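So the structure is just underneath, and the comments pick up after that.
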Amino acid sequence: MPQKHTSQGATTTTSRKPRKQYSCLECQRRKQKCIYRDLNAQCQHCARRFPPVECVRAGSRAPQQLQVTVFQLGKQIGCVTKISKTKTITTGNDSTSQKSSRKSSDDTHDDAEAGETRNQSHQSAFVLSIRPRKPTVLDGRREDSINLPNWGYLGGILTEVGTNLNSFALRMTLENAELLHYYLCRVVPNFVSIDGETAPSIWKNNVLQWQLQSPLMPHIAILMAAMTMGLERGGNMANTYLVKADALNCINAYMASSTPANFKAVAAELVGCIVSMVVMEWFWGTEESMRAHHRGIKELLRLCGGIGGLIDPVHSSIMLLTDYEIACGFEEDLYWQQGDPMYRQAWITPVLWPERFDSPLVEGGKTFRDLQGLLGISSASAAVLDDVRFLICLITALPCDSPASKIKIQTTASWLHDRLIEGSPGEQSIEEDLFTETIRLAARIWAYSVITLTPFARYPDHSVLLALSEAVLQVPLSRWKTTPGIYLWVLLGLCPSTQADMRGKYIRRKMATTGLAIGFEDFVYSIGCLRACWKVQRWIAHKGSGRSWLQD
């Protein structure tokens, strides 16, 4: 029992034990009573702080150890301990150590940030730790020169989205943080890049900025991530329906909050968000849900005075491109543009574009034989592509209403079809042989449809369709990325005949992604390619009646 000394040297016994006072620097700064349940862990207040801070007891030279969660996409795989001077990240059998400078303990609460680092090991783990934030490129590499929002920590990715007054805040949960990371690292690259590796700079510098600050788009991003993650993990969509209901409630509430003074701004925001839901339902959902969102955008355009009433050019461009892609995918007329002055006005004819984008859908200054070395294609592929370009340009050039024009077009298509049946690939590598076979089979479908005025979706020889889908899937995406214009032409001929299975959804997604990837580099050229396919489909649907259907 403790003893107390008096001034005369005698000792007396006290009944109370002296109690040690524990108080961390952060609680002292906030003038809060510091409560510890475990002296080896954080205090109760610091454990609940968001963003998290280091809990350093007053008078202590070293900070308390902070538990940092390491998690993989969808599941927690372990935890590591992080000390402020040295950080060791352990994932499976891989471990890395990173050094970081530390300021005085008095400044710790100002410099501490909850960071997220993507481990470059095969497990692709995410580590929540305290470190300075750095911008992250979507393919996982670091690049300090790109001006991206700071989404590098758990708090940041949730607190830095939707910061305007009309935003619908996201719940601060680990699940939402995981879904947003999944959207940025997996969903986005597969939406805007042919090979799913990198995102175009125009998307990162323009569209991404809007998505993170949009009052609605973060909810839709979480929905897209939940849907794709559910399909990849065996089709468990129970959580997706809850996320979808939340996103639809936010859209309805945002629409209800509009006033006559700000309706055009609200409509532009809604169009930009709902277009993403249209594409999502087209890729992974049902056609019924896609058509519902399709009609919703049509009504918004009507209320704001047409496409010209949209105040955001980026939203307008993506909407126009998506309208052409859906029309070509279903072999139907344009929907959002129909009834709009833009429907009948002449589109800008592309005259200059990167040569690697060359496509048989648009007449170019050079033939494919001239670009054979640049594109890395065989002479047989170049000859077929030049013949197909000549046929398509006959249809998409000046009005061809006369019977003589129709006969000329069908005769040319018949000559090309006969050559394609008789032809056979020469001595080539396996990859180039697949590439040439893909070109030949796609050209057969285009030529036959023009000869017989049969839509692509009703092409009778299913063995040719199956062989084409097999060939186009076996050619590596890295190869198609070097010739995106040719890839788009192949997919546009194949897409209408696809079924509602995983292969069909993949082909539709790649068609739309390729058009969007080209559009981010050259929007006019991408629309020119899609518009040419749309014209050929309309010519076939109207039995070769030229372009008189534009006045229907």
Quick check on residue 508: is it at pLDDT below 90 and out of contact with any strand residue (DSSP E or B) (no Cβ under 7 Å at 6 or more places or on another chain)? no
Give the stretch 482-499 a look and list any residue that's touching a residue at least 12 places away in the same chain (Cβ under 8 Å) and surrounded by fewer than 18 Cβ atoms within 10 Å (Cβ to Cβ), or say none. 482
Could you tell me whether residue 327 is among the small types (Gly, Ala, Ser), crowded, with 20+ Cβ neighbours inside 10 Å and at pLDDT 90 or above? yes
Residue, modelled with the lowest pLDDT, within the stretch 188-224, restricted to residues that are more than 20 Å from residue 514 (Cα to Cα) and of a type in the set (A, V, I, L, M): 212
I'm told residue 478 meets every condition in (1) within 20 Å of the chain's Cα centre (by Cα); (2) within 23 Å of residue 358 (Cβ to Cβ); (3) buried (at least 22 other Cβ atoms within 10 Å of the Cβ); (4) not aliphatic (A, V, I, L, M) except one. Can you identify the failing condition by its number? (3)
I'd like to check something: does the stretch 313-327 contain any residue that is assigned to a loop (DSSP other than H, G, I, E, B) and not assigned by TED's automatic domain parsing to the domain that holds residue 535? no
Filter pass, residue 508 being surrounded by fewer than 22 Cβ atoms within 10 Å (Cβ to Cβ), within 22 Å of the chain's Cα centre (by Cα) and in contact (Cβ under 8 Å) with a residue 12 or more places away in the chain: no
Give the residue, chosen from 272, 309, that is surrounded by fewer than 19 Cβ atoms within 10 Å (Cβ to Cβ) and either free of Cβ contacts under 8 Å to residues at least 60 places away in the same chain or not assigned by TED's automatic domain parsing to the domain that holds residue 513 (or both). 309
Number of the exception - residue 376 against (1) buried (at least 20 other Cβ atoms within 10 Å of the Cβ); (2) in contact with an Asp or Glu (Cβ under 9 Å, 6 or more places away or on another chain): (1)
Options 347, 336: the member that is crowded, with 18+ Cβ neighbours inside 10 Å and either farther than 21 Å from residue 509 by Cα or not assigned by TED's automatic domain parsing to the domain that holds residue 384 (or both): 336
Options 467, 471, 383, 413: the member that is more than 27 Å from residue 498 (Cα to Cα), assigned by TED's automatic domain parsing to the domain that holds residue 536, modelled with pLDDT of 90 or more and part of a helix (DSSP H, G or I): 383
Would you mind stating whether residue 445 is of a type in the set (A, V, I, L, M, F, W, C), in the same structural domain as residue 484 (by TED's automatic domain parsing), in a loop (DSSP other than H, G, I, E, B) and modelled with pLDDT of 90 or more? no
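The values are calculated or read from the model by the stated rules, or taken from the named source; none is laboratory data. Nothing here was measured: the structure is a model prediction, and the numbers come from that model. Neighbour counts are summed over all protein chains in view; Cβ atoms, including those assigned to glycine, are modelled from backbone coordinates with ideal geometry.
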